[in-house]
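A short worksheet on the structure shown next.
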Amino acid sequence: VIGQIGSPVERSHWLQRLANTLDIPEQVLREQLPLRSNAAGPSVGAAPVSRDERYRWQRLEERLTAVLVFQPTRVAAALQWVGPDQVQEPRFQELYRQLVFYYTEATRGDAAVLSAADFRRWLLASEAASLVDAVDTLWMAAERDFAPFTESVLTQEVATICTELRREHLRRQLKAIQRELQAAERAGQPDEVDRLARQFSELTSQLHLLAT
């Protein structure tokens with residue numbers, strides 16, 4: 001929201017106030033702001049997501065889901081970074097959720113053998129059987145894209161995808177908190193400002209850790 005304020009003076013004022021509240025350098029906040037186009041007029045509310053940016057998210061989510069269909073054993077590792085609720089595209093979100101259900105159920109036994117074929121059989125017998133066609137499509141794509149990868153390369157691929165998705169999720173959260181902070185400031189709610197400021201600081205720290 002701060003990045004969408006038309007007046008540079010007002011924008012600098014809000015940045016300084018937010019930096020003082022969070023007790024972090026103002027430059028740190030400036031680095032989190034999206035670049036503003038001079039040709040565009042002041043916008044109201046949240047900035048719309050560009051088509052290219054949305055496509056990039058969808059491709060990352062598709063690629064992550066394809067990897068997990070290809071090798072369901074990697075579900076636990078992916079969950080440490082990003083969960084189904086943090087996936088934006090509904091079809092990939094639901095498929096990821098079903099993969100988590102499958103992984104949880106399959107690993108209860110001592111001799112679990114997780115595979116794409118086994119997940120497909122499990123899905124066919126579940127209430128989410130309508131997702132089988134999507135699984136088949138992703139499975140074929142994964143065989144083409146990931147079969148030549150070594151285990152170590154595929155592990156790095158999953159880590160890279162999850163890191164990018166986690167970073168995007170944190171940025172969306174920060175933008176939402178910025179809007180809430182601005183509203184709380186205007187409404188004269190110091191307790192709410194303090195709560196949101198702490199939350200903003202925690203998320204900012206998480207985002208910086210991903211960049212190191």
Picked from segment 110-163 (must be more than 22 Å from the chain's Cα centre (by Cα) and of a type in the set (Asp, Glu)), the residue nearest to GLN80 (Cα to Cα) is GLU151
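Could you list all residues from segment 147-167 that are surrounded by fewer than 17 Cβ atoms within 10 Å (Cβ to Cβ) and either among the charged types (D, E, K, R) or in a loop (DSSP other than H, G, I, E, B) (or both)? Please lay out each step first, then the result.
The first filter runs over segment 147-167 and keeps only residues surrounded by fewer than 17 Cβ atoms within 10 Å (Cβ to Cβ), leaving 147-153, 155-156, 159-160, 163, 167.
The answer is ALA147, PRO148, PHE149, THR150, GLU151, ARG167.
Please go through segment 200-211 and give me each residue that is open to solvent by 30 Å² or more (accessible area, probe 1.4 Å) and either closer than 24 Å to GLU61 by Cβ or at pLDDT 90 or above (or both), ordered by number.
Correct list: GLN206, HIS208, LEU209, LEU210, ALA211.
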Subset of segment 77-92, residues farther than 19 Å from LEU154 by Cα and β-branched (Val, Ile, Thr), comes to VAL87
Pairs returned, first residue in segment 74-89 that is over 19 Å from LEU114 (Cβ atoms), second residue that is open to solvent by 20 Å² or more (accessible area, probe 1.4 Å) and of a type in the set (Asp, Glu), beta-carbon separation under 8 angstrom, 6 or more apart or interchain, are GLU89/GLU62
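The values are calculated or read from the model by the stated rules, or taken from the named source; none is laboratory data. No experiment lies behind these values; they were computed from the predicted model shown. Counting neighbours? That spans all protein chains shown, and the Cβs are built from the backbone with ideal geometry, glycine included. Please note that ligands, DNA and RNA were not included when accessible areas were found on the heavy atoms of the full protein model with its side chains. Shrake-Rupley method; radii C 1.70, N 1.55, O 1.52, S 1.80 Å.
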